[in-house]
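Report on the structure given below.
The values are calculated or read from the model by the stated rules, or taken from the named source; none is laboratory data. Bear in mind the structure is a predicted one, so any value in this text is a computation, not a measurement. In this analysis, Cβ positions are derived from the backbone assuming ideal geometry, glycine residues included, and neighbour counts consider all displayed protein chains.
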Amino acid sequence: MDAVTPSSVAIGGPLATAIVVNFALLTFAILRYIAGRDLPRFLSLKQIVRDIRPLKNITRLDLIATVVFVSTNAVSVSYRVRDTTGFVRRSGILSVVNMAPLFLGTRMNLIASGCGLSLPTYVATHRWLGIMAILEGLIHAAVALWTQAPNGFAKLSDKSGIVIASVLVAIPLSSFIRRRAYEMFAATHSTLAVCAVVFIYLHTPSSHVLESPKRYLVAVAGCLGLTWIVRLGLVLYRNVQFGSPSTQAAIRPITFALEESSIPLEDAVHIHIRLSRPWNVRAGQYVYLTVPGAGGASVAQSHPFYIAWWYRADDDFYIVFIAQRRTGFTERVFHMKDTRHNSGTRGGARALIDGPYGNEMNLDSYENVLLFATGIGIAGQLSHIAQLLKDYYDLGAKTKRVTLFWQVDSEIQLGWVADRMKQLRELDEKSQVLHIYLFVVGGFLSRKAGSTDFVERGERIVVTYRAMDTSYLADAELGRHGGSTVISLCADSQTVDQVRGLVRRRADARVHVKCLDFCPETARHAGALPA
């Protein structure tokens, strides 16, 4: 040992220890400051750009996550790359690496749900992985073409590379038909993705399946196979039980009671699902529904619906969906409605359900609960109201006030949940913690609509014949009723933006905002949950 070493340790040891201890204390102080300032909540509420439509929903937290992800890929594709050949190989491999998780799909599944991911987070992850896989794949193709010999396309691998580049261009272009023909988009998107994997396999010069980059294609196949196996297992478990009838769907028409008349609704139906294997339904859950008898390609289609409410009748357990009439699946289901089946009777069409999915938001831990809904978004909020009332009576939840604000485009749409709201008010007869405010912006039917701005329909329910002023309503509730408050949103983007802006301006750590997984896209065209 060098004679200087003991002296160095004696002097440097305490100094190094002091530096480490002070650095740890500084880190703890920063973390304590972040926790006190509720920085993650602030980052998730603050929007970067509010005037540009494609960018207005991007928050600071989204931007930070995106920058970290893009930077990681940029470093990975360029670190220690010494020539063009190395860059081409690295970019191609990273494209396949980002591609592998994409084959878990975009719809919620047991794997993503088990990881605690919400649907918006899962979809955003899928989107950015796809963007990066396409960009790196196209960069790989462009640089390879630039350095390719003039007669270098004789091999099958080179021809396959041209096909892959074409597919990578076609995949984002297919999104233009998403809104108008979703089922066609989904089929096209899946077909192009499979084609990409097949031609990537032909493009790679590796001779062994476990060599790079083919081993990443094995991961792709594993993700795809695991997803389908888990989904098939869950579908069989939920819909097949020996000694019990299969899952069935009864399509029930809806009527709107106006004074002494009853008006049938032509824009929505109730779907009553008799479960083959019931479970303990919780607020905020949704399932994917398949009705093979609906016609067309329905046997291969599944669409998500919130469980609006549930009940037991004749020893059977039912869950109920509200399906707003649109094109495609909901249009076909609407024409299957049958007035012969009353609540609690067996019958209807054979159905398959996949789920349940969705995480409970634990609203009962707050003293004041505000629920905002527009259009079909009411389907996502009803179960939370029922759960809050049940917890209040059964478990003594701390909730003191539950307030629902719901805006509809036409007065007749109030019939979607009129009977259910009556049941909820009867359940709340003793405590009277539930308060309901309805806003009708058009399609007036009531005689009072033209002579007054609002009318009271029973206790603690008010109908207003004008648009909902979200900021004013939320601010008034927060001002009148103190304590810990949560604002639950299943509404159009304009309503969500107004609530987030208000909460951000108030900067009250006791107020939290929670968005449901599915929200109506716009106030004027709020439809069934996007599939």
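Specify the residue that is surrounded by the most Cβ atoms within 10 Å (Cβ to Cβ); the eligible residues are those in segment 272-291 that are more than 16 Å from Ile322 (Cα to Cα) and touching a strand residue (DSSP E or B) at 6+ places or on another chain (Cβ under 6 Å). Looking at the filtered set, the residue picked out is Leu275. Each residue in segment 456-508 was checked for being buried (at least 16 other Cβ atoms within 10 Å of the Cβ), of a type in the set (Gly, Ala, Ser) and either more than 22 Å from Lys400 (Cα to Cα) or under 23 Å from the mean Cα position of the chain (by Cα) (or both), and 4 of them qualify.
Quick check on segment 327-376: of everything there that is modelled with pLDDT of 80 or more and among the β-branched types (Val, Ile, Thr), which residue is farthest from Tyr306 (Cα to Cα)? Per the stated criteria, the residue is Val369. Scanning segment 106-134 for residues that are crowded, with 18+ Cβ neighbours inside 10 Å and over 15 Å from Asp517 (Cβ atoms) returns Leu129, Gly130, Met132, Ala133, Ile134.
If you go through segment 221-237 and pick out every residue that is surrounded by 15 or more Cβ atoms within 10 Å (Cβ to Cβ) and over 15 Å from Ile111 (Cα atoms), you end up with 0. For segment 426-444, the set of residues classified as among the hydrophobic types (A, V, I, L, M, F, W, C) and crowded, with 17+ Cβ neighbours inside 10 Å consists of Val433, Leu434, Ile436, Leu438, Phe439, Val440, Val441, listed by residue number. Under the condition of being modelled with pLDDT of 85 or more and in a helix (DSSP H, G or I), the residues counted in segment 433-483 number 11.
Conditions tested, residue by residue: (1) modelled with pLDDT of 90 or more; (2) more than 25 Å from the chain's Cα centre (by Cα).
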| site | (1), (2) |
| --- | --- |
| Arg252 | yes, yes |
| Phe256 | no, yes |
| Pro264 | no, yes |
| Asp267 | no, no |
| Ile271 | yes, no |
| Gly293 | no, yes |
| Trp310 | yes, no |
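Among the residues of segment 180-202, just one is of a type in the set (A, V, I, L, M, F, W, C) and in a loop (DSSP other than H, G, I, E, B), namely Ala181.
Residue-level analysis places Val486 outside the set of residues that are part of a helix (DSSP H, G or I), among the aliphatic types (A, V, I, L, M) and either assigned by TED's automatic domain parsing to the domain that holds Gly380 or at pLDDT below 85 (or both). Of all residue pairs spaced 6 or more apart or on separate chains, those with beta-carbon atoms under 8 Å, a first member in segment 388-417 that is closer than 29 Å to Glu259 by Cβ and a second member that is basic (Lys, Arg) are Asp409/Arg524. Taking the listed residues Pro264, Pro245, Pro205, the one that is part of a loop (DSSP other than H, G, I, E, B) and free of Cβ contacts under 8 Å to residues at least 60 places away in the same chain is Pro205, with no other qualifying.
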